[in-house]
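Remarks on the structure that follows.
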Amino acid sequence: MLDRSIKMNMKICERHASKYFGFLVFAFIIMDFLTIPAVIIAFVYLLLTYRDLFDRSLFGEEAYIYMAVPMSMKDVVVGKTIAACLYIMVSFILVWVALGISSLLTGIWNMGLGFGNIGGGLLQVMSGYADAIENNTLIVEEIVHDRGQLKSLSVALVLLPLEVLSLGILFCGVFQMGAIVRHLIDPQRNSGITTAGVVFGSTAVLLGIMAATTGVDMIISGDVVTIFSTVISIVVPVIFGVVLLVGSVKILERKYSLC
């Protein structure tokens with residue numbers, strides 16, 4: 001039943017996927033004053049996809065069609081998570097391809113942190129390269145000879161897809177639990193205050209987990225970019241994401257067993 005759940009959830013994602021991917025690729029190819037608006041629009045479509053995937057398909061108007069298919073709550077939640085993570089990884093690949101195309105068009109692989117270089121800036125931060133520059137471990141366009149720093153940066157870049165995937169799992173957990181909490185508090189979906197509270201609460205949880213990840217890294221590694229920093233940035237979000245997803249399954253099983 002898991003494969004059927006994945007196919008159904010991929011179908012749900014398709015409603016906003018083309019617009020999300022389109023604006024994302026546009027943003028990272030253009031790399032000028034239109035970058036920020038395009039990234040914002042792409043993010044909005046991502047949120048709409050997550051809303052349909054984790055909220056409306058379970059508790060909205062279309063829920064009766066989705067829930068009519070005999071599937072366990074575990075298959076339902078896991079299928080949603082896999083579908084969402086697949087789209088996250090596709091978007092990651094598209095960003096890299098778009099950056100490559102942009103570099104071919106301009107002759108430069110633009111990794112600056114300026115206003116018009118949002119894509120390169122994000123990749124720098126995620127790989128730890130920006131931190132290394134900030135802490136004077138590296139300077140821009142420097143040839144790096146330090147073997148330990150080379151190893152750390154190489155590992156960070158190689159494991160960058162896993163970092164993106166770990167954040168995707170965390171986002172899925174937060175979205176799914178947030179949708180469940182909202183439904184439990186306001187099953188009729190009439191209260192805007194409840195919706196706003198859940199949104200702010202979910203954002204606070206997400207930021208708190210990310211801050212905890214950074215805090216653990218700072219306590220153990222300090223300001224230096226290390227291989228351990230990369231491992232922490234992968235492991236901690238996955239742990240919290242899995243905990244939230246498992247909790248979501250348990251709550252849904254209890255809710256529907258009582259119906």
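The values are calculated or read from the model by the stated rules, or taken from the named source; none is laboratory data. Note that the structure is predicted; figures quoted are calculated from it, not measured. Glycine also receives a Cβ, built like all others from the backbone with ideal geometry; neighbour counts cover every protein chain displayed. The area values use the complete protein model at the heavy-atom level, side chains included, leaving out ligands, DNA and RNA. Shrake-Rupley method; radii C 1.70, N 1.55, O 1.52, S 1.80 Å.
A few points about this structure:
- Just the protein heavy atoms count here, and of the accessible area of region 14-92 at 1.4 Å, carbon and sulfur take up 74 percent.
- Rounded Å value of the spacing that divides the Cα centres of region 158-218 and region 49-101: 15
- Label-point gap, in nm, between N190 and V235 - each point 7 angstrom along Cα→Cβ: 4.9
- Efficiency of FRET from Cβ geometry, I30 and K250, R₀ 30 Å, rounded to 0.05: 0.10
- Shape of region 178-233, Cα gyration tensor, a/c cut at 1.5: prolate
- Residue-level accessible surface for D186, protein heavy atoms, 1.4 Å, Å²: 20
- Cross-link pairs K7/K250; K19/K80; K19/K74; K19/K255 - those with Cα-Cα distance over 25 Å: K19/K74; K19/K255
- Multiplying the residue separation of S154 and V199 by 0.36 nm and removing their Cα-Cα distance gives an extension gain of 12.5 nm.
- Simple spin-label estimate for M89 and L2 in nanometres, 7 Å along Cα-Cβ: 1.4
- Residue-level accessible surface for V231, protein heavy atoms, 1.4 Å, Å²: 60
- Site pair Y64 and T214 shows an inter-label distance of 4.7 nm when each label is modelled 7 Å from Cα along Cα→Cβ.
- Accessible area per residue for region 155-259 is 52 Å², calculated with a 1.4 Å probe on protein heavy atoms, without ligands, DNA or RNA.
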